[in-house]
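Report on the structure given below.
The values are calculated or read from the model by the stated rules, or taken from the named source; none is laboratory data. Owing to the predicted nature of the structure, the values given are computational and were not obtained by experimental measurement. Note that we place each Cβ from the backbone using ideal geometry, even for glycine, and neighbour counts take in every protein chain shown. Ligands, DNA and RNA are excluded from the accessible area calculation, which covers all protein heavy atoms including side chains. Shrake-Rupley method; radii C 1.70, N 1.55, O 1.52, S 1.80 Å.
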Amino acid sequence: MANDNNSELDRTQRTMRPQEKQRERVLEHEEQPMQMQQQQQQAEGKACPFCGTINDPEAMFCAQCGQPISKANCPHCGAEIDPDTDYCETCHHYIRKDVCSFCGARLTGNEAYCPECGSPRGGLVCPTCHTLNEFAFCKKCGTALTEEAKKMVKELQYNPDYKSLMEIVQDFAKLENALPYNSERDIVREQMNIKLRERVLTLLARDEGVENPVIPKPESKRMTKEELEEQRSAKIRVLSTILDRLAVPAGASPAKARNYAMASKPVGVRLAWVCNYKHAMHSSPCGCAKPQLGGKWVVLGKNNNGEIRDDK
């Protein structure tokens, strides 16, 4: 009985092995053209990871869609970067020698000063905080350092959205510095102080011959923590809407994008700049490698640093 089973198994294996070998030969025959095609494409050039176009082997950008298809290295720290970046987010250095970091003008690489804006290649020291800067606005305090930057700030002051922004910022700054009631006892104490004030002013007025003086009640700006938080949230929503309208559009040169973003930054509220390159949060566009892709300011609030990536 066992011998019959073994014989049947041998016949089955003899029948299946030729079929399996034939199937393997078919698969090898199908894979060979694909492998040859891939090898041929690799020999001919690089395939763009964005659109699939085959480019020259030494190409840095896709000839079809313009996206970078190769990586470069930072000349300062050696970090891997995209070839169309002008700033290294690893070592925080400007890396382009053929483009002015202040205005975006083309350079030959040997000028000590930019022939377009006159800015020195070594950077400008901020007169306010004494920080050395590679861009037209101080990365630390936001002071405009070049004539073009100062002109841009003045022009924005006539922008209706910017005017509204500054008004809301002033209101928001007051709320940030407001002292809320911590308990019911604080409310009672303030009411007692108001009554005491009214009594003292009434007595002083009667001493001067005024029988029925009218004492104006002081306007109290204090509120509960809940009321304060509600007003803060409302102001943040308005601020965010205006900042969205003032967002940096994609397409400008890196220098122009940085300058516009810094010029439109309001003073008096803590902000971070979110870029469209990596959707990262920066303390300013001066810390972004590709500000030309656009970005916008977002409100941080009083005690929130978020995930700012370019602060040392």
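Starting from the Cα-Cα distance between residue 219 and residue 270, subtract it from 0.36 nm times their residue separation and give me the gain in nm to one decimal. Before the final figure, lay out each step's value.
Details: separation 51, 0.36 × 51 = 18.36 nm, distance 2.81 nm.
Gain in length upon complete extension: 15.5 nm.
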Size of region 161-250 as Cα extents on the principal axes (Å, biggest first): 71, 30, 15
Dipole of region 166-230 [Lys/Arg +1, Asp/Glu -1 at C-beta], most positive-end residue of 204, 188, 224: 204
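With +1 on each Lys and Arg Cβ and -1 on each Asp and Glu Cβ, and nothing else charged, work out how big the dipole of region 189-312 is about its Cα centre, in Debye to the nearest 20.
Roughly 580 debye, rounded to the nearest 20.
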Rounded percent of accessible protein surface that carbon and sulfur make up, region 198-281, 1.4 Å probe: 53 percent
Region 165-181 versus region 66-89: alpha-carbon centroid distance in Å: 42 Å
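Would you mind giving the three semi-axes, in whole Å and largest first, of the ellipsoid equivalent to region 113-211 according to its Cα gyration tensor? Walk me through the numbers before you get to the answer.
Numbers: eigenvalues 558, 62, 45 Å².
Largest first, region 113-211 gives 53, 18, 15 Å.
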Spin-label model distance (nm) - residue 106 vs residue 206, 7 Å beyond Cα toward Cβ: 8.7 nm
Rounded to the nearest 10 Å², the accessible area of residue 74 at probe 1.4 Å: 10 Å²
Which listed pairs, of 174/278; 163/195; 225/256; 163/256; 151/174, have C-alpha distances above 31 Å, in listed order: 174/278; 163/195; 225/256
Surface accessible to a 1.4 Å probe, residue 93 within the full protein complex, Å²: 70 Å²
Distance in nm between pseudo-label sites at residue 230 and residue 140 (7 Å out along the Cβ direction from Cα): 4.3 nm
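Using the Cα gyration tensor of region 91-131, with a ≥ b ≥ c the square roots of its eigenvalues, what is the shape: rounded (a/c below 1.5), prolate (a/b larger than b/c) or oblate (neither)? Walk me through the numbers on the way to the answer.
Values: a/c = 2.34, a/b = 1.46, b/c = 1.60.
Since a/c reaches 1.5 but b/c is at least a/b, the shape of region 91-131 is classed as oblate.
With every protein chain kept in place and ligands, DNA and RNA left out, what is the accessible area per residue of region 123-196? Probe 1.4 Å, answer in Å². It would help to have the intermediate numbers written out before the result.
Working: 4820 Å² over 74 residues.
Roughly 65 Å² per residue, with all protein chains present.
What net charge is computed for the residues neighbouring residue 189, neighbours being all others with C-beta under 12 Å from the C-beta of residue 189, Lys and Arg scored +1, Asp and Glu -1? Don't jump to the answer; show the numbers that get you there.
Details: positive: 185, 195, 222; negative: 184, 186, 190.
Charge balance in the 12 Å sphere: 0.
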Net dipole in debye of region 197-266 [+1 Lys, Arg Cβ; -1 Asp, Glu Cβ; about Cα centre; nearest 20]: 580 debye
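FRET efficiency for residue 178 and residue 116, Cβ-Cβ distance as r, R0 = 51 Å, nearest 0.05?
Working: r = 47 Å, r/R0 = 0.92.
My answer for the efficiency is 0.65.
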